[in-house]
Amino acid sequence: MVIQRLFPALAAVTLVCVLCAPAHAFQSPNSAPEAGQESTAKPSARRLLHLARGGVLRCVARERDGGWEVQGSGGWTALPADAVTRAPRESQVLREAARRERALKPKHDPAQRIDLARWMVTEGLVSEALGAIDAVLDDRPHYPAALALLTSSRFLGVPSLQVPGDQIPAAQEALMRWAAQAPIAARELALVELARIEDHEQLHADLLGALCAFSLRRRVFAAQAIGRLFPGQDAKRLLQHALLDTSAAVRRSAAQALSNSHDTSLIAPVVRALGSQNPRVRVQSAEALGFMGYPAAVEPLMAYLTLPAQTSAEHRMPHSYIFVGRQSAYIQDFDVEVATFQAVADPQVNILLEGSVLEAGIQSSGQYSNGAGASAARSSLSRLTGAHPGHTKAAWQRWWKAHREDWRAEQRLK
């Protein structure tokens, strides 16, 4: 029996943590007390049954005659009296989990969140634990404690690659389709399974192909997989997607994959892109520097954020003239010509102008960073430094004045 309580992004996929007891430990379905005995069944409720042989069973259960029964599609199934060590109500454990989450200080500290996720796994709140791990990996995709918890805890439900050799391509495709629809923590579970493939060259080629797929979810997973399974490779391809992909999710995944290369020089082309004539490229470059996670990007981002307006008023700007007025046509006179037996009169048309002629010119010109680019730079700076001085350029300038020496690019590149 498995958990059917899912978090939304996994749709109908079930992820459970050793939630099954051996088949012989259960009695037959719809078991009833022996003749002559009265039933003492208590009301049923959703519970987390901690099994003596290990694991937690999350289900609808009821206590009967000193033992426990669980509800399945075929009715009620009785467990041996000594099979369950404790059986708290699901609602009680969920309230305790919410209380522990509220008590986190600071709120987004990754170490505390992973400790909370570890406790959730122990209590049988597997989907909630994956949600907590998601929150950490979404901000820190290579956080060691989160990855270690995913590999140490026995999560089930990932499509398996342990199939005969001729079935591996189909099984790999099924796994990649599943992972493309899953949140980041579940995708990491899929990567653990993908790492079992012995033909690394073919797997690498398949992932590069998926990086160019029409499906943005598939591109997101491909970028994450390349960064995890082939770190330091395909930097040029990942940079292209980090800066230019039409999907923000793909750009983020590609930039985070580059952070696993541990090569600070990768920020150089992204820093150059901050000076692009295209405002969208400038914004996406600022975002990418934050997701790549290299501290050496702090100084270039500050330079971009605090870039002053560049004016050129010292040279004469182009000038022109503008006429504002009214133009009227009228007949001023007639030219009379006399010919044989006839006279011809040609009118003389003149034009009357009323109005003014104004001289117009550009007084000065300037180039300014757009608001979206400044916002992206501030977000990336907060991500890299952990600082939150404010939402204005002036606030970040004050912060930079106080911390400039700690974030010099020359020191961070060493």
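Just so it is clear, none of the values below were taken in a lab; they were calculated from the coordinates. Predicted model only: the values in this text are computed from it and were never measured. Using ideal geometry, Cβ is built from the backbone for each residue, glycine included, and neighbour counts are taken over all protein chains shown.
Just rank Trp399, Trp178, fewest to most, by other beta-carbon atoms within 10 angstrom.
Details: Trp399 18, Trp178 21.
Going from least to most buried by this count: Trp399, Trp178.
Residue separation times 0.36 nm, minus the C-alpha to C-alpha distance between Arg53 and Lys401: what's the value?
The span from Arg53 to Lys401 would gain 119.3 nm if fully extended.
Give me the number: length gained by fully extending Cys212 to Ala303, i.e. 0.36 nm times residue separation minus the C-alpha to C-alpha distance, one decimal in nm. Spell out each step's value before the answer.
Numbers: separation 91, 0.36 × 91 = 32.76 nm, distance 3.35 nm.
Taking Cys212 through Ala303 to full extension adds about 29.4 nm, to one decimal.
Extent of segment 37-136 along each principal axis, from alpha carbon coordinates, in Å, largest to smallest?
56, 24, 23
As an exercise, use a Förster radius of 35 Å and the Cβ-Cβ distance of Ala268 and Asp199 to find the FRET efficiency, rounded to the nearest 0.05.
On the way: r = 34 Å, r/R0 = 0.97.
It comes out at approximately 0.55.
Between Ser356 and Ser276, 0.36 nm times their residue separation minus their Cα-Cα distance comes to what?
The Ser356-Ser276 span can extend by a further 24.5 nm.
Could you check the simple spin-label distance between Ser379 and Ala98, using points 7 Å along Cα→Cβ, in nm with one decimal?
3.0
Just to be sure I understand the model, the point goes 7 Å from the Cα along the line to the Cβ. What's the resulting His388 to Arg62 distance in nm?
For His388 paired with Arg62, the spin-label model returns 4.8 nm.
Could you list which residues have their amide H under 5 Å from that of Trp76, counting only those 5 or more apart in sequence or on another chain, with H placed in the peptide plane?
When sequence neighbours closer than 5 places are left aside, the close amide H contacts are Asn30.
Among Ala222, Ala185, Ser265, pick out the residue whose Cα is farthest towards the positive end of the charge dipole of segment 167-286, where Lys and Arg carry +1 and Asp and Glu carry -1 on C-beta, about the Cα centre.
Farthest along the dipole direction, towards plus: Ser265.
Provide the FRET efficiency to the nearest 0.05 for the Gln71-Ser152 pair, computing r from the beta carbons and using R0 = 45 Å.
Once rounded, the FRET efficiency stands at 0.90.
Once the convex hull of the alpha carbons of segment 164-310 is built, what does its volume come to per residue, in cubic angstrom? It would help to have the intermediate numbers written out before the result.
Details: hull volume 15.5 nm³, N = 147.
It comes to 105 Å³ per residue, whole-number rounded.
Given points 7 Å out from each Cα along the Cα-Cβ axis, report the Ile331 to Arg408 separation in nanometres with one decimal.
So the two model labels end up 8.9 nm from each other.
Run the reach check for Lys42 against aspartates and glutamates, Cα to Cα strictly under 12 Å, same-chain hits fewer than 8 apart removed. What comes back?
Reachable aspartates and glutamates: Glu63, Asp65, Glu69.
Can you give me the convex hull volume of the Cα atoms of segment 89-163, divided per residue and expressed in Å³? Numbers along the way, then the final one.
Values: hull volume 7.1 nm³, N = 75.
Given the Cα convex hull of segment 89-163, per-residue volume reads 95 Å³.
Only counting other Cβ atoms within 10 Å, I'd like Tyr330, Tyr143 sorted with the fewest neighbours first.
The order, fewest Cβ neighbours first, is Tyr330, Tyr143.
Viscosity 0.890 mPa s, temperature 25 °C: give me the Stokes-Einstein translational D for segment 63-116 in µm²/s, with Rh taken as the Kirkwood radius over C-alpha pairs. Each step should come with its number before you reach the end.
Details: Rh = 14.0 Å.
The calculation lands on 175 µm²/s.
Loop-only check: which GluC sites (Glu not before Pro) in segment 185-286 are DSSP coil with at most 13 other Cβ within 10 angstrom?
Glu198
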